[in-house]
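Accompanying notes for the structure given below.
The values are calculated or read from the model by the stated rules, or taken from the named source; none is laboratory data. Fair warning: this is a prediction, and the values are worked out from it, not measured in the lab. Here Cβ is always computed from backbone atoms with ideal geometry, including for glycine, and neighbour counts include all displayed protein chains.
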């Protein structure tokens, strides 16, 4: 567990469990990154949409070990990953493979998010999509919908992908999830307990975007900032709004 996560747990003990889960994912990401090819040219074209087959089994065994999973329950997933049967690029679109896993659909989605995210973060490092405009409110690299935004000088708004980490500009006024520009549809949720964060809701599609102020981003980074402000997600969802993309531990629904 990193010093930053330990310090955040000390400041926000009510987030201990989700932060400890995120610490496990950080370890998985760190050790997976050491195995992944350094450039996309090192990966055969037919294997470019998942983990390369020669290391897929090793990565999956690491995943099972880090998260303490039961081998028998996820054997169908192991076979699919090691055989290259899962197209990771379909996951940000909400398209889950039919693997007959003994989990609810949202649980399976979380499992696949945690497993595949190191792939997407590595993909971002070798792409030129970072900084590109979010056409139709979708990530220009993996096509995911956004859940996070920051405001820069101008003022201008940048959207951030919670799956691959790609960020880029989007129009300042408008919902990226349904693309309405009717300002009467937007409301703001703030909390004195969560300084540096706010939620912008859309009445047309009933989704929300979490806005992180730059001092918070510099202090915590996007992942830890998103985790630290989890109570704001709960407030928004209790009011009936939905989060369009997972948080750093793969959750869309918190209530």
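Any residue at all in the range 102-109 that's under 17 Å from residue 214 (Cα atoms) and surrounded by fewer than 22 Cβ atoms within 10 Å (Cβ to Cβ)?
Looking through the range 102-109, none of the residues is under 17 Å from residue 214 (Cα atoms) and surrounded by fewer than 22 Cβ atoms within 10 Å (Cβ to Cβ).
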When you check residue 200 against the structure, is it farther than 17 Å from residue 15 by Cβ, touching a residue at least 40 places away in the same chain (Cβ under 8 Å), assigned by TED's automatic domain parsing to the domain that holds residue 178 and surrounded by fewer than 22 Cβ atoms within 10 Å (Cβ to Cβ), yes or no? yes
Check whether at least one residue in the range 83-99 is outside the structural domain of residue 231 (by TED's automatic domain parsing), surrounded by fewer than 17 Cβ atoms within 10 Å (Cβ to Cβ) and either touching a residue at least 40 places away in the same chain (Cβ under 8 Å) or in contact with a strand residue (DSSP E or B) (Cβ under 9 Å, 6 or more places away or on another chain) (or both), and report yes or no. yes
Answer residue from the range 199-245, given it is over 14 Å from residue 177 (Cα atoms) and assigned to a loop (DSSP other than H, G, I, E, B) and is nearest to the chain's Cα centre (by Cα) among those: 229
On the given criteria, is residue 248 in contact with a strand residue (DSSP E or B) (Cβ under 6 Å, 6 or more places away or on another chain) and crowded, with 18+ Cβ neighbours inside 10 Å? no
Picked from the range 67-77 (must be surrounded by fewer than 18 Cβ atoms within 10 Å (Cβ to Cβ) and not in a loop (DSSP other than H, G, I, E, B)), the residue nearest to the chain's Cα centre (by Cα) is 67
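Here's the yes/no breakdown for (1) touching a helix residue (DSSP H, G or I) at 6+ places or on another chain (Cβ under 6 Å); (2) under 19 Å from residue 230 (Cβ atoms):
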position	(1), (2)
129	no, no
136	no, no
142	yes, no
161	no, yes
169	no, no
193	no, yes
204	yes, no
209	no, yes
Would you mind stating whether residue 244 is in contact (Cβ under 8 Å) with a residue 60 or more places away in the chain and either assigned by TED's automatic domain parsing to the domain that holds residue 93 or within 18 Å of residue 160 (Cβ to Cβ) (or both)? yes
Among the residues of the range 78-113, write down those that are over 22 Å from residue 245 (Cα atoms) and part of a helix (DSSP H, G or I). 78, 79, 80, 81, 82
Output for the range 42-64, where each listed residue is at pLDDT 90 or above and loosely packed, with under 13 Cβ neighbours inside 10 Å: 54
Residue match in the range 180-198 (condition: assigned to a loop (DSSP other than H, G, I, E, B) and closer than 24 Å to residue 95 by Cα): no
Consider residue 183 carefully, then state whether it is out of contact with any strand residue (DSSP E or B) (no Cβ under 7 Å at 6 or more places or on another chain), more than 30 Å from residue 119 (Cβ to Cβ) and exposed (fewer than 13 other Cβ atoms within 10 Å of the Cβ). yes
What is the one condition in (1) surrounded by fewer than 16 Cβ atoms within 10 Å (Cβ to Cβ); (2) touching a strand residue (DSSP E or B) at 6+ places or on another chain (Cβ under 9 Å) that residue 170 does not satisfy? (1)
Among the numbered conditions (1) part of a helix (DSSP H, G or I); (2) crowded, with 20+ Cβ neighbours inside 10 Å; (3) out of contact with any helix residue (DSSP H, G or I) (no Cβ under 8 Å at 6 or more places or on another chain), tell me where residue 157 comes up short. (1)
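Matching residues to (1) within 25 Å of residue 70 (Cβ to Cβ); (2) modelled with pLDDT under 95:
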{"site": "103", "(1), (2)": "yes, yes"}
{"site": "114", "(1), (2)": "yes, no"}
{"site": "118", "(1), (2)": "yes, no"}
{"site": "121", "(1), (2)": "no, no"}
{"site": "132", "(1), (2)": "no, yes"}
{"site": "137", "(1), (2)": "no, yes"}
